Amino acid sequence: SGMWNSTNGGADWTRTSKPYQLQSVSCLAQDRRPGKENNWYYGTGEYWGNSADISGDGIYKSTNNGDSWDVLPSTLSKQINSWDNPFDYIWNIAVDNTAPLNKDVVYVATTSYGIYRTTDGGNMWAAVLGGGDGATFSDITISPKGVIYATLSSNGKNNKGIYRSTDGINWTNITPANFPKDYNRTVIGIAPSDENQVYIVSETPGAGKETTDSQGNRLFHSLWKYTYISGNGGGDGGVWGNRSENLPKPEA
């Protein structure tokens, strides 16, 4: 139903996207640098988790604190019912709030096209990880000091795994050796108290904590904790712990 805004803690809401604009909003991010706070981005397209496969077409940007939105032409294909663009299905958006003020660095996690990056607020984009590799699920997040973490699901041809980067161009695969072989959507959370501590939650068919859904289907998920130690974070530069048994198991 588009983008909505509340100025009174959620008591009232106003839709700020136009009725004729694409309404399938999937993620939202703000540029939080001083003087840049009015810049927001939202992605479109929901590939998984619904019965209708809600198509997207591009990334929208606001420069007036969300009062109005315009699609970035560089991300628009104008063929909503045709999946022919990396920006048709967006999992997540992350703004690099450590970038110099003369650069607007934004990352997007796409479906099947990997991680894309812009340094000019969305005028031009480049694939920086797993471009066109086919990984259905991806995620991206950035620590307060600018360290970037990304995930690509196991159906990716060559670049599946969990990655760490300090510049968004050069990536280190930090996936633990004993991580489940199959993993679908894998999301990242950085501890607010210590950005060297990172948590990964993943759907891992046949491995991890088993639960059931309301229809009795078997589900498997894994929870892992990563602690950065040194260097590029790979090998002995990071420590992994499997915390999957700590996941809740609701009563059927």
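Numerical summary
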item	result
Selection status of ALA11, modelled with pLDDT of 95 or more and farther than 18 Å from THR136 by Cβ	yes
Residue within region 70-92 that is under 26 Å from ASN5 (Cα atoms), in contact with an Asp or Glu (Cβ under 9 Å, 6 or more places away or on another chain), modelled with pLDDT of 95 or more and open to solvent by 50 Å² or more (accessible area, probe 1.4 Å) present	no
Filter pass, THR204 being touching a strand residue (DSSP E or B) at 6+ places or on another chain (Cβ under 7 Å), within 13 Å of SER153 (Cα to Cα) and open to solvent by 30 Å² or more (accessible area, probe 1.4 Å)	no
Which listed residue, of THR151, THR118, THR111, THR98, is modelled with pLDDT under 95 and either over 16 Å from LEU28 (Cα atoms) or open to solvent by less than 10 Å² (accessible area, probe 1.4 Å) (or both)	THR111
Residue check, GLY66 over 16 Å from ALA109 (Cα atoms) and open to solvent by 30 Å² or more (accessible area, probe 1.4 Å)	no
Pairs where the first residue, in region 203-218, is free of Cβ contacts under 8 Å to residues at least 12 places away in the same chain and the second is part of a loop (DSSP other than H, G, I, E, B) and surrounded by 16 or more Cβ atoms within 10 Å (Cβ to Cβ), C-beta under 7 Å, 6+ apart	none
Strands (runs of 3 or more DSSP E) completely within region 80-180 that count 3 or more residues being out of contact with any Pro (no Cβ under 6 Å at 6 or more places or on another chain) and either farther than 19 Å from LEU223 by Cα or of a type in the set (Lys, Arg) (or both)	90-95, 106-110, 115-118, 126-129
Count of region 32-84 residues which are touching a strand residue (DSSP E or B) at 6+ places or on another chain (Cβ under 7 Å), on the phi > 0 side of the Ramachandran plot and touching a residue at least 60 places away in the same chain (Cβ under 8 Å)	2
Selection from region 219-236 of residues that are touching a residue at least 12 places away in the same chain (Cβ under 8 Å), farther than 22 Å from THR136 by Cα and open to solvent by less than 70 Å² (accessible area, probe 1.4 Å)	LYS225, TYR226, THR227, TYR228, GLY233, GLY234
Within region 11-31, considering residues that are in contact (Cβ under 8 Å) with a residue 12 or more places away in the chain and in a strand (DSSP E or B), the one farthest from MET124 (Cα to Cα)	ARG15
Residue that is farthest from THR111 (Cα to Cα) [pool: residues in region 181-198 that are within 14 Å of the chain's Cα centre (by Cα) and in a strand (DSSP E or B)]	ILE190
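The values are calculated or read from the model by the stated rules, or taken from the named source; none is laboratory data. From a predicted model like this one, the values you see are computed outputs, not experimental measurements. Every residue, glycine as well, gets a Cβ built from its backbone with ideal geometry; the counts of neighbours run over all protein chains shown. Accessible surface is based on the protein model in full, side chains and every heavy atom, while ligands, DNA and RNA are left aside. Shrake-Rupley method; radii C 1.70, N 1.55, O 1.52, S 1.80 Å.
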